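One structure is given below, encoded as structure tokens.
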Amino acid sequence: MKFSFKHILLICLSGAISYSCNSSKEKSEASQQGASPLEIVDLGTKSFPLDAETAVDFNSRFKVNVFDGKEYLSFANRPLSRIYEFDYESGEPSRTIKLEKDGPNAVNLWWNIGMFFHSKDSIFLDSGGFGYYLVNGKGEVLQKFGMPNKENTLEPECCPIVFTNATFFENGVIYGEQNPNPSDNEQDLDYAFGSYNLKSDEKNRSILEKSAFIPDHQKIKEMVKAKDPWVRDFTASFYASNDLLFTSSPISDSVHIFEDFNLLEKLYISYPETELADYRSFLLINQLQEVSNGIQNLTEVNQPPHYSGLLVSANGNLIYRILIEETRGKMFENTNEEYPEITKASLIVFNRTTNSIGRYELPVEDIEIPFSTVSRSVFVNKSGIHFQTKEQASEDRLDFRVFGVKEE
């Protein structure tokens with residue numbers, strides 16, 4: 001398959017909006033040029049010990065939470081129904097939360113454990129279609145909501161949102177990225193966020209229109225709907241930090257910042273020489289095809305440049321983007337199929353206070369770099385961004401490579 005690489009231009013609907021969009025980008029580029037570039041440095045490896053009772057699932061998602069000024073790394077293991085927490089500074093385990101499978105405190109899990117720590121003793125869990133749970137630090141169930149009509153039955157319609165880095169809680173309502181399901185109507189597909197009111201059980205799937213931050217949303221929607229060829233829709237990256245919501249499309253050179261779902265700021269965070277994929281080339285990366293025994297996924301191994309991840313520091317000042325620049329095919333012996341392998345990628349960091357930007361070529365042979373906008377193996381804290389290493393030095397520990405901004 002051949003791709004044409006076209007720089008993505010924001011298409012504005014009127015002359016006034018067009019002028020605003022272009023001048024905003026030009027102003028952002030100019031301010032970056034006037035600022036000193038950020039120096040990104042390799043801070044080495046950060047390790048966390050693993051024992052016989054602590055195991056990382058392939059679907060574990062890592063996140064640093066801050067309680068009383070102290071940082072804690074958390075992740076979950078669905079098969080074992082456990083949540084692990086480490087004191088980040090010391091690297092030592094701080095607690096293990098065991099979720100019960102039976103009895104009054106049973107938490108029914110499906111594919112993975114989506115987690116949102118509202119506080120150290122108030123943890124929201126997304127079971128993946130079996131409802132939501134609020135548990136305390138001992139794993140005791142404090143509240144169930146969004147439960148299916150029949151217990152232990154998978155019912156996606158009950159769960160309008162998923163818990164990710166973008167989840168937040170406000171005035172009895174929990175907000176998160178929309179959880180797509182087969183019963184979605186066409187209007188639902190135009191929105192990216194949803195909410196669940198814990199007091200009234202009211203569900204909302206119509207928050208934050210995609211057209212507000214994805215310039216080609218309508219064209220993308222039409223191409224997906226036409227199924228000619230049959231392609232998968234893509235999701236944007238979201239991150240909630242410091243009462244703000246950050247988002248960006250994988251083929252956009254800009255990051256949009258929302259406050260109370262109203263656009264607060266739009267930042268150009270890319271480089272002019274980076275020619276990102278156009279929407280059609282990007283959608284053609286993942287195609288679906290009907291076969292005799294079902295549906296198979298066809299993935300293009302030589303992929304055009306695009307962004308895979310968006311992460312933000314706890315104070316909302318540093319914005320991290322992961323740029324996938326080049327890929328190639330790699331044959332997996334177990335399946336005898338070719339899959340894409342990243343051969344070149346860069347970390348781009350932007351400082352909102354100084355309007356300065358920095359770029360660092362990542363050691364792709366050493367670290368796990370996500371293709372998806374949902375960055376499972378990557379997390380940030382005050383030190384910088386952490387990537388899980390491909391080769392763990394020991395089965396008795398969990399290793400991450402850390403990259404941060406050099407302090408002046």
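Quick look at the numbers
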item: Total charge dipole magnitude, region 49-162, about the Cα centre, Cβ charges on Lys, Arg, Asp, Glu only, Debye to nearest 20; result: 200
item: Fluctuation leader among 334, 297, 77 - the chain, Gaussian network, Cα springs under 10 angstrom; result: 334
item: Percentage relative contact order, region 160-205, counting C-alpha pairs under 8 Å, at least six apart; result: 40
item: Charge dipole (debye, nearest 20) of the chain; +1 at Cβ of Lys and Arg, -1 at Cβ of Asp and Glu; result: 420
item: Least to most buried among 38, 43 (fewest other Cβ within 10 Å first); result: 43, 38
item: Residue among 212, 277, 314 with the largest mean-square fluctuation in a Gaussian network model of the chain, springs linking Cα atoms under 10 Å; result: 212
item: Separation in nanometres of the label points that stand 7 Å from Cα toward Cβ, at residue 372 and residue 301; result: 2.3
item: Calculated on alpha-carbon atoms, Rg and Dmax of region 224-367 in Å; result: 17.4, 57
item: Taking 115, 331, 223 and counting other C-beta atoms within 10 Å, the order from fewest to most; result: 331, 223, 115
item: Kirkwood-based shape ratio for region 172-226, expressed as Rg/Rh from alpha carbons; result: 1.04
item: Rounded FRET efficiency, nearest 0.05, which uses the C-beta distance separating residue 55 from residue 289 and R0 of 30 Å; result: 0.25
item: Protection proxy ranking, peptides 362-372, 50-60, 380-390, average beta carbon neighbours within 10 Å, highest first; result: 380-390, 362-372, 50-60
item: Anisotropy class of the chain from Cα gyration tensor, a/c 1.5 cut; result: rounded
item: Among 150, 101, 203, residue whose mean-square fluctuation peaks in a GNM of the chain (springs only between Cα atoms under 10 Å); result: 150
item: Pair residue 89, residue 391: separation of 7 Å Cα→Cβ label points (nm); result: 3.4
item: Cα lying deepest toward the dipole's positive end in region 67-168, options 131, 161, 72, charges on Cβ; result: 131
item: Descending Cα extents along the principal axes, region 289-408, whole Å; result: 59, 36, 22
item: Fewest-first ranking of 118, 256, using other Cβ atoms within 10 Å as the exposure measure; result: 118, 256
item: Binned Cα-Cα distances of region 246-287, short to long, each 5 Å bin given as a whole percent; result: 5, 20, 23, 19, 16, 11, 5, 0
item: Region 250-332: equivalent-ellipsoid semi-axes (sqrt of 5 x gyration tensor eigenvalues, Cα, Å); result: 31, 16, 13
item: Cα gyration tensor category, rounded, prolate or oblate, for region 112-219 with a/c compared to 1.5; result: prolate
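Values in this text are rule-based calculations from the coordinates and carry no lab data. As the structure is a prediction and not an experimental result, all values here were calculated from the model. Because the Cβ atoms are built from the backbone with ideal geometry, glycine has one as well, and the counts that use them run over all protein chains shown.
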